[in-house]
Amino acid sequence: MAKNDFYNSKFDKGTQSKLEVFKEYFKESFPVFLHSNIFDEVFIYDFFAGQGLNGQGEYGTAFNILNEIKPYCDDIKRSKKKVYIVLNDKKESGILKSNVLEFFNTCKTDCKGNCIFSENSNIIVKAEDFKTYFSSIYPRMLSRKKAAKLLYLDPFNFVINNDLFNKLINIPSADFICFMPSFFLRRFPLEPAFNRYIDTSKIDFEETKPAHCHRVIADYFKTLVPPDKEYFMGCFSIKKDSGYNGLLFGSNHTLGAEKFQKVCWKIDNVTGEADYNIDRELTYDKQGVLFEDVKIPWKIKQFYNDLESQIKDGKIKTDIDAYKFALKNRCLVKHAADKLKELMKNLKIEEFKTTNNDIHKIKSATVIKIK
């Protein structure tokens, strides 16, 4: 679909799913950044903001950010924390800027207080080439260690390669979500244009189902994280017409990973990975099943088996290890807690108190003792 048609048409289901993940993650993460004593500033980047909304009045990510931040204006004032919103689009910046100013003009008429945002001060609309702009601000991103950063990358084509990925995962206090047109890569793995971004020789699409193509690409990027670096990757697959695309997520903190998984599992309560039945589970869409064993999704059964095996082998030694193992396998902390409780009930490990969330608040890890 041409860009003009995209902005003039109603968003399709795939686009709606993508925007929902972007929006829900912002709703989960922004209050954390704002109320944290660790951060002095909050930077929100939408590098491919488009026009902000379409001709039908449906909000894109940029307008979802503006709309969702409105309830926190008083909190921002009280915190005296500076919040910057940077909206960039090389081709659509003129329309984007006009739409943003109209949004704020409408907002100000409904607001009795002084607006905390002002043009070119902390609400910034840019018309930059992404690569050039990102390279220019990257050193400042690295140096501002007490600034929380939320990076949205929603291009029409591929932008993330090994070099950009390496830069993203090394930005301190930063979470990113990037859209990827994964199905095109699966269809044309030898296309030189795609090989500039991904080493397709290290991805075997022939052995995987088309519906899993984004999961496979996400696993590829996961291998690029240095083994000595603790980093949390996530992904969410999106069905668009007859193809499959998706989102790639990254955070260097467990809370970011927890928030992303919470959003994904809210949308897909079977695998937490897609807006369609990615593993063809019988339990999808609340379908009735006759046998109890079938009620547990394959992904969860596999996770339970792997977790128990890693505990037996001594690779997972503490409760925190188990919870992080869940997050790195795109599961919820609760899934690890449920398995730990089962192992306690079956007298395989000694009892201790578990938690279902906020593992960063655990003051000291509990050693898992095998009976």
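Readers should treat all values here as calculations from the given coordinates under stated rules, not as data from a laboratory. All of these numbers come straight from a predicted model, not from anything done at the bench. All Cβ positions, glycine included, derive from the backbone under ideal geometry; neighbour counts span all protein chains shown.
Remark: relative contact order (the chain) = 13 percent; criterion is Cα-Cα distance under 8 angstrom and separation of 6 or more residues. Each residue of region 198-211 is assigned a 3J(HN,Hα), and the resulting list reads 9, 7, 5, 5, 9, 10, 9, 6, 5, 8, 10, 7, x, 5 Hz, derived from the Karplus form 6.51 cos²θ - 1.76 cosθ + 1.60 (θ = phi - 60°), x at Gly and Pro.
Calculated on the Cα set of region 3-267, radius of gyration then Dmax: 18.3, 60 Å. GNM remark for the chain: springs join alpha carbons under 10 Å apart, and the peak mean-square fluctuation among Ile44, Ile349, Ile217 falls on Ile349.
For the listed peptides 106-114, 360-368, a ranking on the average number of other beta carbons within 10 Å per residue, highest first, reads 360-368, 106-114.
Per-residue Cβ neighbour counts within 10 Å put His212, His253, His35 in the sequence His35, His253, His212, beginning with the fewest.
Sparse packing (at most 15 other Cβ atoms within 10 Å of the Cβ) combined with a DSSP loop state is found for the following trypsin sites (Lys or Arg not before Pro) in region 9-75: Lys10. For region 1-142, DSSP calls about 10 percent of its internal beta bridges antiparallel.
Only bridges whose two residues both fall in the chain count here: according to DSSP, what percent of them are antiparallel, nearest 5?
Around 45 percent of the beta bridges assigned by DSSP in the chain are antiparallel ones.
The simple spin-label model puts a point 7 Å past each Cα toward its Cβ; for Leu101 and Glu206 those points are separated by 5.7 nm.
Calculated mean residue ellipticity at 222 nm for the chain: -13000 deg cm²/dmol, from DSSP H runs with n ≥ 4 weighted as -39500 (n - 2.57), summed, divided by the residue count and rounded to 500.
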